[in-house]
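A short worksheet on the structure shown next.
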Amino acid sequence: MRRDDAKAMRESGYGMLDDSAQHPTFSIPNRIVVRKRSTLAFALYEVLLGVAIFAVGVLALGRAVENCLQASMLNAEEEAVRQILSNRMAEIQAARGVPDRAKESKIDSGYGAIKLIQKSAPADLIESNNVQLNGINLVTLTAQWERGGISQSKQIRFYVYRSG
């Protein structure tokens, strides 16, 4: 191979002649090397963009976990109130005699103080043939508490029959 041909190959970027060897060796053209450098810089931006997207995803996931924990806590608080109302209803139904007309009590739960209000009144139920049903009381139990400074309440109503 002549020296002019080697110079032309080198300038065109297709290969270069190794002076120590008798055969030409080809290397990566200069154009491709420049493209690789710009591709490497682009890969860095891609990595930064990927890390940013990942960070936003992790923050969103953290917020979702926080919301789930909060909902779980609220559900546990509501379950505690339902359990208190259910227990008091069972006590009233199991007790002898007519339920108290009005009664208030405070119950300390793991979520704060719950005020339990009991009211009882004759049901005044009438059958289809206009006969008054006696001995049936309508009992209303109301639980009141505060959550985050906002007043909350839950109420149940049920009938209790006592003969006599």
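The values are calculated or read from the model by the stated rules, or taken from the named source; none is laboratory data. In this text the structure is predicted, and so the values were computed from the model without any measurement. FYI the Cβ positions are ideal-geometry reconstructions off the backbone, even for glycines, and counts take in every protein chain you see.
From the list 18, 5, exactly one residue is surrounded by 10 or more Cβ atoms within 10 Å (Cβ to Cβ) and at pLDDT below 55. Which is it?
Step by step, each of 18, 5 is checked, and only 18 is surrounded by 10 or more Cβ atoms within 10 Å (Cβ to Cβ) and at pLDDT below 55.
Report those strands (runs of 3 or more DSSP E) wholly inside the range 108-164 carrying at least 2 residues which are at negative phi and among the small types (Gly, Ala, Ser).
Filter on the range 108-164 gives 112-122, 150-161.
Between 66, 79, which is closer than 30 Å to residue 142 by Cβ and modelled with pLDDT of 85 or more?
79
Considering every residue within the range 44-55, establish whether at least one is at pLDDT 90 or above, surrounded by 10 or more Cβ atoms within 10 Å (Cβ to Cβ) and closer than 17 Å to residue 157 by Cβ.
Scanning the range 44-55 turns up no residue that is at pLDDT 90 or above, surrounded by 10 or more Cβ atoms within 10 Å (Cβ to Cβ) and closer than 17 Å to residue 157 by Cβ.
Considering (1) out of contact with any Pro (no Cβ under 7 Å at 6 or more places or on another chain); (2) surrounded by 11 or more Cβ atoms within 10 Å (Cβ to Cβ); (3) of a type outside the set (D, E, K, R), say which one residue 70 fails and leave the rest.
Going through (1) out of contact with any Pro (no Cβ under 7 Å at 6 or more places or on another chain); (2) surrounded by 11 or more Cβ atoms within 10 Å (Cβ to Cβ); (3) of a type outside the set (D, E, K, R) one by one, residue 70 breaks only (2).
Filter the range 109-161 down to the residues that are surrounded by 13 or more Cβ atoms within 10 Å (Cβ to Cβ), over 18 Å from residue 89 (Cβ atoms) and under 41 Å from the mean Cα position of the chain (by Cα) and list them by number.
Once the filter is applied, which keeps residues that are surrounded by 13 or more Cβ atoms within 10 Å (Cβ to Cβ), over 18 Å from residue 89 (Cβ atoms) and under 41 Å from the mean Cα position of the chain (by Cα), the range 109-161 yields 111, 146, 147, 152.
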